[in-house]
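K.L.:
Quick one: the structure is below, questions incoming.
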Amino acid sequence: MKKNLLIPLLETVRGRIILVLVTAVLGSVLLASSASADPDRPALGVTDPGLLALITDDDFFATADLIALLDPSATATQHYGPYQSGSPDSGTCGNDWAQDTFDRHFTVKHNPDGTFTVIQQFKNGSFSTDAGFSPGACESGPPQGAMIAGKTGSMLGYFIIPLPPGTTQTSTDPNCNAIAHTNTGCTTAVFVNTHFSCVYLATCAVTTFAFHYSAGDQQLLQHEWKNASADRGGNQGDIRSTNLP
């Protein structure tokens with residue numbers, strides 16, 4: 001993910017001159033339409049409407065037993081994980097606004113037409129903020145928001161990854177990395193690329209995603225942030241400690 005070079009300025013805000021400089025440079029930042037709790041930014045596409053119809057609540061879907069929900073017979077669905085993981089979390093301005101820790105769970109569904117759908121859930125998640133632009137700063141303003149370091153909260157979410165026709169399952173190894181037989185360094189790409197014949201982000205990618213972050217009070221101006229694809233309502237709210245002019 002692209003790092004935001006303005007973070008040192010925001011960390012040392014002490015007066016109007018620095019704030020004016022930050023605000024001026026902010027206007028040149030390219031706005032991002034999505035953010036991600038994973039180093040691999042989700043790509044948009046089309047998710048099976050039948051699967052979307054099962055998502056009545058994003059938080060529930062992110063934490064549910066998907067085998068029971070998707071395939072009660074459990075004959076065409078596999079579960080992998082949990083894999084303890086962590087990653088930087090990007091915001092709409094492109095900077096990493098937090099550091100996340102979570103357990104990755106992967107559910108693999110073998111569809112009636114012979115294709116596969118991989119659903120990744122991010123459970124038991126938490127985050128700690130970095131100083132810089134708030135996650136929704138480049139689309140929820142004006143005014144834009146900023147975060148100070150060290151605020152904490154909980155997070156959860158999910159990715160839906162439909163695999164294209166012709167994709168084969170190359171391994172059912174229980175480890176995240178089916179080639180190295182390890183769970184170290186687990187990412188979406190590692191799991192998909194070592195268990196299937198498609199290449200994550202090149203020939204298969206996320207079509208639907210939703211993440212919910214909650215920071216409680218902690219003297220924040222806003223403390224709830226939803227980062228989601230358009231078919232899940234898009235981004236909503238923010239987690240910010242201050243407003244920029």
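The values are calculated or read from the model by the stated rules, or taken from the named source; none is laboratory data. Owing to the predicted nature of the structure, the values given are computational and were not obtained by experimental measurement. FYI the Cβ positions are ideal-geometry reconstructions off the backbone, even for glycines, and counts take in every protein chain you see. What goes into the accessible areas is simple: the full protein's heavy atoms, side chains included, and nothing from ligands, DNA or RNA. Shrake-Rupley method; radii C 1.70, N 1.55, O 1.52, S 1.80 Å.
K.L.:
Taking only C-alpha pairs under 8 Å that are 6+ residues apart, what is the relative contact order of the stretch 90-171 in percent?
P.N.:
33
K.L.:
Which FRET efficiency value, to the nearest 0.05, is calculated for His181 and Asp113 with the Förster distance at 25 angstrom and r the Cβ-Cβ distance?
P.N.:
It comes out at approximately 0.20.
K.L.:
How much accessible area per residue does the stretch 111-219 have, in Å², with a 1.4 Å probe?
P.N.:
37
K.L.:
I've got another one for you. For the stretch 183-228, what is the relative contact order in percent, using Cα pairs closer than 8 Å and at least 6 residues apart in sequence?
P.N.:
25
K.L.:
Another question about this same structure. What's the magnitude of the charge dipole for the stretch 65-218 around its Cα centre, counting Lys and Arg as +1 and Asp and Glu as -1 at the beta-carbon? Answer in Debye, nearest 20.
P.N.:
140
K.L.:
Give me the percent of accessible area attributable to carbon and sulfur for the stretch 66-155, probe 1.4 angstrom.
P.N.:
Roughly 52 percent of what the probe reaches on the stretch 66-155 is carbon or sulfur.
K.L.:
Ok, one more. Relative contact order for the stretch 135-221: what is it in percent, counting Cα pairs under 8 Å that are at least 6 residues apart?
P.N.:
36
K.L.:
Consider just the alpha-carbon atoms of the stretch 149-245 and return their Rg together with their Dmax, both in angstrom.
P.N.:
When restricted to Cα atoms, the stretch 149-245 yields Rg and Dmax of 17.8, 53 Å.
K.L.:
Where the only charges are on Cβ atoms (+1 Lys, Arg; -1 Asp, Glu), what is the dipole of the stretch 97-144 about its Cα centre, to the nearest 20 debye?
P.N.:
Result for the stretch 97-144 is approximately 180 debye, rounded to the nearest 20.
K.L.:
Determine the sum of side-chain charges near Asp58: Lys and Arg each +1, Asp and Glu each -1, restricted to other residues whose C-beta is under 9 angstrom from that of Asp58.
P.N.:
0
K.L.:
Which order do the peptides 104-114, 120-130 come out in when sorted by mean C-beta neighbours inside 10 angstrom, highest first?
P.N.:
Those peptides, ordered most packed to least, come out 120-130, 104-114.
K.L.:
Sorted by mean Cβ packing within 10 Å, highest first, what order do the peptides 45-55, 234-244 take?
P.N.:
Highest to lowest by the protection proxy: 234-244, 45-55.
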